[in-house]
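Just so it is clear, none of the values below were taken in a lab; they were calculated from the coordinates. The model shown is predicted, which means the values in this text are computed figures rather than measured ones. Because the Cβ atoms are built from the backbone with ideal geometry, glycine has one as well, and the counts that use them run over all protein chains shown.
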Amino acid sequence: MLGETTQLQSESGSSKALGLNATLDAPTSRLDMDHDDRPREACGVVGIHSPGNDVARATFFGLFALQHRGQESAGIASSDGNAIRLHARMGLISQVFKEEDLADLRGHLAIGHTRYSTMGGSKQHNAQPLITDGPRGRIAVGHNGNVINASDLRTELSEQWGITFDRTSDTEVIAEMFARAPGRDWFEVAWYAMRRLKGAYSLVIMSKDELIAVRDPLGIRPLCLGKLNGGYVVASETAALDNIGATFIRELQNGEAVVINKDGITSKIWPAARKTHSMCVFEQIYFARPDSVLNGQLAYDSRRRMGAELFRESPVDADLVIGIPDSSIPHAIGYANASGIAYGEGIIRNRYVGRTFIAPDQRMRDVGVQMKFNAMRSIIEGKRIIVVDDSIVRSTTTVRVINMLQNAGAREIHVRVAAPAIISTCHFGVDMATMAELIAANKSVEEIRQHIGADSLAYLSVDGLKAAVGVQDDSYCKGCFTGRYPIPVQLEMDKLALEPTPV
């Protein structure tokens, strides 16, 4: 029912005619102090094909393991071989789905998506999966990444194929291309798309009876394959496989397309794909869950090595090493272990502060970071503290954390960042900040140190980061640290470029 945003899609119906409750078109915003002052990921995707089983519930729990990758909207599309059903709306996964929603999503085939917008506004009509029609029937598409030529392709497809675009995300361009592109099979369609699309896209696509997974020719965003109940599952991270009891098989290669149907699984790699991947190195630093495997390595281990490399490059005498929870804790443990300085939990995080829709009044805004973090005075007072963070974007949170630690009686505060300084924006699916907002793009390390109020400040070098993730070549995208990208990009991109211009 449209009021509940559960739509039964018949093969003869038109996805363009779908209506949505007007009250659902407004974006929802959760309280998130200082925007977390972190790079924001794009999305998480899951796809399951398991004959003889209803898979919507497993898709839900797979998405639940990927909630960290996007908190704006969520959706699942399913099929029993006859029709595609969709339930997608704004909110966290636990808010979007109830028991009756999953019961309506019948079938042995499903894809799921959780979104953080990097192109297109945070609005109901951009919630994924997206459904569209074409010569090869109805398909649903979920996308993680960012297509940097989406605006040009949108114009081309509109002129060449007469498409009327209803949404404002790059995913709609991808969906229309896969629905209408020439090709005798899904592999030829994928090769056509790979020749046209520029940027990052890990995709889950479903027809009424097939599951298709595609990873872009650069391999910028992760995608993995597993075995589940006699069928197969694809997901952004291995943690999603673990969460539903699937057996990890392997990560998809860059430029690889996988087709899963009643006859089994088939895989092909686009011949023009890059030989070495260009996966976003921030997946290793911050985005992926620490219990996920990326490029054959447990993310937790990579982060501990970053902390150890950071100590080797920038040691300092102190009494205690702490991390800014939760994402920086593995880095801090690595720094502490390498230095021999004790590790302690000097900062406690309120893990529920970002889950309220109630906006703070001015007095609560003045409390600031203490709504999210609280320092333990008995641990901090009188000590020389090393604070390990995984990144500094604008520095807002860093300033307030240091002030909080000073108020808790810290004698010295030395900040160590387990990643290089972010000097450039991202073009491949990360909402990071503008060049004007990136503090390291506009200030020297010493100027940043003075601005945040630390006794010392040091970043991990690019070479130290490469050593930590175990590569000697350019097999990761490090453009935000170097300004050099795996493909040419424009200086900055506007994620609302496809939104209508206000009159």
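Among the GluC sites (Glu not before Pro) in the range 392-489, which ones are in a DSSP loop with at most 16 other Cβ atoms within 10 Å of the Cβ? Mind listing them?
Answer by residue number: Glu437.
Under 14 Å from the Cβ of Asp263, count the other residues' Cβ atoms, weight Lys and Arg +1, Asp and Glu -1, and hand me the total.
Residues close to Asp263 contribute a combined charge of -2.
With a cut-off of 16 Å, note down the residues of the range 175-207 whose backbone N falls inside the zone around a label point 7 Å from the Cα of Lys262 toward its beta carbon.
Correct set: 207.
Determine, for Val189, Val321, the number of other Cβ atoms within 10 Å of each Cβ, and report the residues in order from fewest to most.
Starting with the residue having the fewest Cβ neighbours, the order is Val189, Val321.
Calculate one ³J(HN,Hα) per residue across the range 249-263 by plugging θ = phi - 60° into the Karplus curve 6.51 cos²θ - 1.76 cosθ + 1.60, and present them in order as whole Hz with x for glycine and proline.
Result, ordered by residue: 9, 5, 8, 5, 7, 5, x, 9, 10, 10, 10, 10, 8, 4, 8 Hz.
Could you order the peptides 268-274, 211-217 from most to least packed, using the average number of other C-beta atoms within 10 Å per residue?
Ranking the peptides 268-274, 211-217 by packing returns 211-217, 268-274.
Karplus couplings for the range 103-116 from phi (6.51 cos²θ - 1.76 cosθ + 1.60, θ = phi - 60°), rounded to Hz, Gly and Pro as x?
Whole-Hz 3J(HN,Hα) from phi for the range 103-116: 5, 6, 8, 7, x, 8, 10, 7, 10, x, 8, 10, 10, 10.
Might you report the magnitude of the Cβ-based charge dipole of the range 260-324 about its Cα centre, with Lys and Arg at +1 and Asp and Glu at -1, to the nearest 20 debye?
With only Lys, Arg, Asp and Glu charged at Cβ, the dipole is about 500 debye.
Compute the separation of the alpha-carbon centres of the range 54-86 and the range 395-472 and state it in Å as a whole number.
36 Å
Whole-Hz ³J(HN,Hα) for each residue in the range 440-457, computed from phi via Karplus 6.51 cos²θ - 1.76 cosθ + 1.60 with θ = phi - 60°, x for glycine and proline: what do you get?
6, 7, 10, 9, 6, 4, 5, 5, 5, 4, 5, 5, 7, x, 8, 6, 7, 8
Add +1 for every Lys or Arg and -1 for every Asp or Glu among the other residues with Cβ under 11 Å from the Cβ of Arg274, and state the total.
Charge balance in the 11 Å sphere: -1.
If we count other beta carbons within 10 Å of each Cβ, what is the order of Phe282, Phe373, Phe428, fewest first?
Taking fewest neighbouring Cβ atoms as first place, the list is Phe373, Phe282, Phe428.
Please compute the net charge surrounding Lys383, taking Lys and Arg as +1 and Asp and Glu as -1 over other residues with Cβ under 10 Å from its Cβ.
Neighbourhood net charge equals -1.
Kindly put Lys478, Lys262 in sequence by how many other C-beta atoms sit within 10 Å of each C-beta, fewest to most.
Least crowded to most crowded, the residues run Lys262, Lys478.
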